[in-house]
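Input: a single structure, listed below in structure tokens.
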Amino acid sequence: MSLSKQFSLGFIIVLCLVFFSTVWINVNSFRAYIDDQLTSHAQDTATSLGLSISPYIGNEADLPLVETMVNAIFDRGYYQSIVLKDLDGNVILEKVNPPLPEMVPEWFMELFPLTPPTAETEINSGWNIAGTMTVKSHPGMGYAQLWQNAKDTFWFTLALFVIGTLLLFALLRIIITPILAVVRASERISARDFSEIESIPKTRELNLMVRAINKMAGILNKQHKELTAQAQSYYQTAYLDTLTQLGNKLALDNRLSRLFADKEMDPSGFLVIVRLSSLAHVNESEGAQTADIYIKTLSHILTEQGKSLNGEVYRVRGGDFVMLLENINEERCAALLDTLSDEFNAQSLPMYTQGFAHIGAAKFSQLTSKVQLLENADAALTTAKSQPKRWQLASEIDTYRSQSAWRDEFTRILSTKAVDVVKQPVKNFDGSTVYFECFARFKAYNGEDYLPMSQLIAESEHLHCAGKLDCLILEKILTLYSQDPGDPVAINISRASFAERNTLDELITVLQKFASIANNTIIEVNEVCLQNAPDNVHYLADKLRELNAKLTVERVGTSIAAFSQLRKLRPDFIKLDGSFTRNIHLSDDNQFFVRSLVNIAHGLNIQVIAELVEEEIEAQTLQALFVDHVQGYLFCKPRAW
């Protein structure tokens with residue numbers, strides 16, 4: 001029972017006791033008073049009436065006169081009986097009224113009985129005693145007065161009771177409101193929301209309590225902000241280029257390590273190296289400030305042109321930039337390179353004696369090594385300076401399916417629901433399973449080979465089929481889970497699904513169909529969605545909480561977007577980008593950054609998962625950094641449901 005209910009119940013019981021005690025004492029006191037009044041009244045009447053009739057009591061002829069005098073007194077209705085007797089006890093005259101009043105409830109008379117005594121006086125005839133007279137007051141008038149007094153007392157006391165109760169609840173509200181605010185603030189602090197209580201009560205004790213909570217919340221908030229700022233500062237120092245705020249060479253190395261370690265996605269795409277052809281001349285002839293403007297101009301061009309293809313841009317050294325393009329085909333890559341070439345030509349100035357920039361690009365796949373890829377791209381860059389458009393591809397590109405062929409594939413997949421599911425566990429360090437991450441696989445027309453996922457994802461986004469595929473995958477996984485329940489399951493939602501709110505509503509509708517197992521469902525969202533569509537990510541997170549489903553933000557650490565969003569989003573898990581996991585035991589920078597990120601997450605009550613763990617030494621290092629859970633081939637390969 002809540003404190004407010006205990007207070008209310010206790011005070012109401014006290015008020016009820018006071019109420020009934022007041023009514024009882026008042027009525028009982030008034031009853032005693034009426035009893036005394038009836039006794040006095042009877043005695044006074046007996047004495048005065050006895051004196052009045054004594055001259056006539058010895059003569060029978062005067063008896064009518066005596067009766068008249070008695071009737072005059074008796075008919076006023078204040079007496080229950082008047083009896084006149086002679087010396088022998090014979091009744092000379094007797095008058096009697098009904099004993100009970102008609103307007104007073106019987107239960108009341110039984111609860112508060114009136115017992116008027118009988119007053120007696122002697123009647124003298126001269127010096128001799130002629131008889132006796134007994135007078136008994138009628139209790140009816142007393143009951144009527146007592147009943148009226150009881151009613152007045154009851155209603156007046158009830159009015160005071162109601163007013164007192166209202167004042168009590170007003171007082172309790174004044175007391176309980178800041179207490180409840182403190183409780184809510186404590187719950188917010190436990191959920192790592194350090195907002196302070198705005199309404200400060202004036203009552204001294206409550207004021208001190210609320211200010212103490214606000215002080216604690218302020219200190220925790222300050223510590224969290226300092227920790228976040230420290231991690232952001234380190235991230236910018238370690239992984240960002242100070243001039244362009246793009247990823248630096250270390251960030252690129254981490255990204256490529258993760259790319260080729262991800263055996264589930266079959267990576268494919270292009271690595272594009274762009275070099276400022278005239279940077280040395282501009283730096284020497286125009287100065288460092290002009291050279292910085294030159295570098296920033298290229299940075300802006302690459303960033304803007306790469307957005308349409310989700311290109312990731314890095315400045316690796318001096319005038320060398322790298323753009324990583326995942327899951328695109330030759331046609332779109334060549335179109336981008338042509339666009340960049342046109343942009344570079346438009347920047348033509350006399351100080352660019354060797355041209356603005358030139359480009360070399362190399363294709364990569366799951367079979368390409370990092371060293372081979374960089375060598376191919378660098379060779380293409382060297383050749384590009386002599387090409388008319390100043391760009392060069394390193395080698396011939398494998399033939400990709402046409403868009404019409406992909407459109408037919410998606411139509412077939414959606415109509416036949418041709419999706420297979422494999423799952424890989426997320427483990428605790430003691431070997432127990434936290435949940436299973438599920439991956440979709442789509443078979444080709446022949447029913448034997450699987451379609452390449454990297455191309456399929458890229459084409460589904462390009463042809464606006466990603467949302468429908470996500471709904472199909474989600475329904476398939478939840479259907480399998482409802483038939484074969486166990487540890488919770490996680491489903492990845494593609495970046496394209498966050499572009500429109502309608503697609504998210506369709507996914508939520510699928511979850512609502514399986515509401516009974518929603519509490520064992522985890523939705524995984526790529527960190528880049530926090531940059532591209534933060535409002536839609538928060539919208540999905542709120543809907544998941546309503547269904548008791550959970551949220552994981554994956555690929556955390558590839559940008560600083562997550563730092564500012566985690567506190568507001570409050571996911572259940574974050575999954576470190578695999579670029580920090582690979583060979584983490586050999587990288588002090590990665591260890592320091594992961595430790596900072598873990599501190600921030602734990603400060604927000606968020607559990608941290610490290611993915612792509614393939615070596616025991618990596619797992620040991622991650623455990624020493626207080627990472628909560630791990631996932632990777634070291635523990636289990638993905639297997640069919």
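The values are calculated or read from the model by the stated rules, or taken from the named source; none is laboratory data. In this text the structure is predicted, and so the values were computed from the model without any measurement. We place every Cβ from the backbone using ideal geometry, glycine too, and count neighbours over all the protein chains shown.
Which of the residues belonging to the range 471-493 are within 26 Å of the chain's Cα centre (by Cα) and within 20 Å of VAL426 (Cβ to Cβ)?
LEU474, LEU478, ASP487, PRO488, VAL489, ALA490, ILE491, ASN492, ILE493
Which of the following residues is of a type in the set (Ser, Thr, Tyr), surrounded by fewer than 14 Cβ atoms within 10 Å (Cβ to Cβ), in contact with a strand residue (DSSP E or B) (Cβ under 7 Å, 6 or more places away or on another chain) and at pLDDT below 90: SER395, SER348?
SER395
Just checking, which of VAL537, VAL608, VAL553 is in contact with a Pro (Cβ under 6 Å, 6 or more places away or on another chain) and surrounded by 22 or more Cβ atoms within 10 Å (Cβ to Cβ)?
VAL553
Determine whether SER277 is assigned by TED's automatic domain parsing to the domain that holds MET323, crowded, with 17+ Cβ neighbours inside 10 Å and among the hydroxyl-bearing types (Ser, Thr, Tyr).
So SER277 fits the description; yes.
In the range 305-330, which residues are within 17 Å of GLU343 (Cα to Cα) and in contact with a Gly (Cβ under 8 Å, 6 or more places away or on another chain)?
Within the range 305-330, GLN305, VAL313, MET323 qualify.
Any idea which residue in the range 550-565 is farthest from PRO488 (Cα to Cα), counting only those that are aliphatic (A, V, I, L, M) and at pLDDT 80 or above?
Of everything passing the filter in the range 550-565, VAL556 is farthest from PRO488 (Cα to Cα).
Considering only residues that are modelled with pLDDT of 90 or more, buried (at least 19 other Cβ atoms within 10 Å of the Cβ) and either closer than 18 Å to ILE457 by Cα or touching a Ser or Thr at 6+ places or on another chain (Cβ under 8 Å) (or both), which ones fall in the range 495-525?
Once the filter is applied, which keeps residues that are modelled with pLDDT of 90 or more, buried (at least 19 other Cβ atoms within 10 Å of the Cβ) and either closer than 18 Å to ILE457 by Cα or touching a Ser or Thr at 6+ places or on another chain (Cβ under 8 Å) (or both), the range 495-525 yields SER497, PHE498, THR503, LEU504, LEU507, LEU511, PHE514, ILE522, ILE523, GLU524, VAL525.
May I ask you to list the residues in the range 310-332 that are assigned to a helix (DSSP H, G or I) and either surrounded by 21 or more Cβ atoms within 10 Å (Cβ to Cβ) or of a type in the set (Lys, Arg) (or both)?
ARG332
Restricting to the range 249-263, give me the number of residues that are buried (at least 19 other Cβ atoms within 10 Å of the Cβ) and touching a Phe, Trp or Tyr at 6+ places or on another chain (Cβ under 7 Å).
Within the range 249-263, residues that are buried (at least 19 other Cβ atoms within 10 Å of the Cβ) and touching a Phe, Trp or Tyr at 6+ places or on another chain (Cβ under 7 Å) number 3.
With respect to the numbered conditions (1) out of contact with any Ser or Thr (no Cβ under 9 Å at 6 or more places or on another chain); (2) in contact (Cβ under 8 Å) with a residue 24 or more places away in the chain; (3) surrounded by fewer than 17 Cβ atoms within 10 Å (Cβ to Cβ), which one is the sole condition not fulfilled by TYR234?
TYR234 satisfies every listed condition except (1).
Which residues, taken from the range 54-98, are under 27 Å from GLN145 (Cβ atoms), of a type in the set (D, E, K, R) and modelled with pLDDT under 75?
Once the filter is applied, which keeps residues that are under 27 Å from GLN145 (Cβ atoms), of a type in the set (D, E, K, R) and modelled with pLDDT under 75, the range 54-98 yields ASP75, ARG76.
Counting only residues that are in a helix (DSSP H, G or I), among the polar types (S, T, N, Q) and under 30 Å from ALA362 (Cα atoms), which one in the range 199-256 is modelled with the lowest pLDDT?
Only one residue tops the list, namely GLN236.
Taking into account only those residues within the range 570-605 that are over 21 Å from PRO534 (Cα atoms) and among the aliphatic types (A, V, I, L, M), which is surrounded by the fewest Cβ atoms within 10 Å (Cβ to Cβ)?
This residue is LEU586.
Determine whether the range 283-301 contains at least one residue that is surrounded by 15 or more Cβ atoms within 10 Å (Cβ to Cβ), touching a residue at least 12 places away in the same chain (Cβ under 8 Å), of a type in the set (Gly, Ala, Ser) and not in a helix (DSSP H, G or I).
Checked against the condition, which is being surrounded by 15 or more Cβ atoms within 10 Å (Cβ to Cβ), touching a residue at least 12 places away in the same chain (Cβ under 8 Å), of a type in the set (Gly, Ala, Ser) and not in a helix (DSSP H, G or I), the range 283-301 yields no hits at all.
Would you check if ALA490 is under 24 Å from VAL434 (Cα atoms) and either touching a helix residue (DSSP H, G or I) at 6+ places or on another chain (Cβ under 8 Å) or surrounded by 20 or more Cβ atoms within 10 Å (Cβ to Cβ) (or both)?
Here the answer is yes, as ALA490 does meet what is asked.
Determine which single condition PRO267 fails, assuming it passes every other condition in (1) closer than 30 Å to LEU586 by Cβ; (2) modelled with pLDDT of 90 or more.
Just one mismatch for PRO267, condition (2).
Residue check: is ALA377 in contact with a Leu (Cβ under 6 Å, 6 or more places away or on another chain), over 23 Å from ALA458 (Cβ atoms) and at pLDDT 85 or above?
For ALA377, the condition - in contact with a Leu (Cβ under 6 Å, 6 or more places away or on another chain), over 23 Å from ALA458 (Cβ atoms) and at pLDDT 85 or above - is not met.
Which of the residues spanning the range 116-156 are hydroxyl-bearing (Ser, Thr, Tyr) and either over 17 Å from VAL27 (Cβ atoms) or surrounded by fewer than 17 Cβ atoms within 10 Å (Cβ to Cβ) (or both)?
Those that are hydroxyl-bearing (Ser, Thr, Tyr) and either over 17 Å from VAL27 (Cβ atoms) or surrounded by fewer than 17 Cβ atoms within 10 Å (Cβ to Cβ) (or both): THR118, THR121, SER125, THR132, THR134, SER137.
Inside the range 402-455, can you point out the residues that are of a type in the set (Asp, Glu) and within 23 Å of GLU614 (Cα to Cα)?
Passing the criteria: ASP430, GLU437.
Residues ALA362, ALA440, ALA379: which one is assigned by TED's automatic domain parsing to the domain that holds ASP262 and part of a strand (DSSP E or B)?
ALA362
Tell me the residue from THR353, THR368 that is outside any helix (DSSP H, G or I), modelled with pLDDT under 90 and touching a Pro at 6+ places or on another chain (Cβ under 9 Å), please.
THR368
Consider the range 438-476. How many of its residues are out of contact with any helix residue (DSSP H, G or I) (no Cβ under 7 Å at 6 or more places or on another chain) and of a type outside the set (D, E, K, R)?
So the answer is 16.
I need every pair where a residue in the range 19-31 that is in contact (Cβ under 8 Å) with a residue 40 or more places away in the chain and of a type in the set (D, E, K, R) has its Cβ under 6 Å from the Cβ of a residue that is surrounded by 14 or more Cβ atoms within 10 Å (Cβ to Cβ) and part of a helix (DSSP H, G or I), sequence separation at least 6 or different chains.
ARG31/LEU146
Would you mind telling me which numbered condition in (1) part of a helix (DSSP H, G or I); (2) of a type in the set (Val, Ile, Thr); (3) in contact (Cβ under 8 Å) with a residue 12 or more places away in the chain VAL426 fails?
For VAL426, the failing item is (1).
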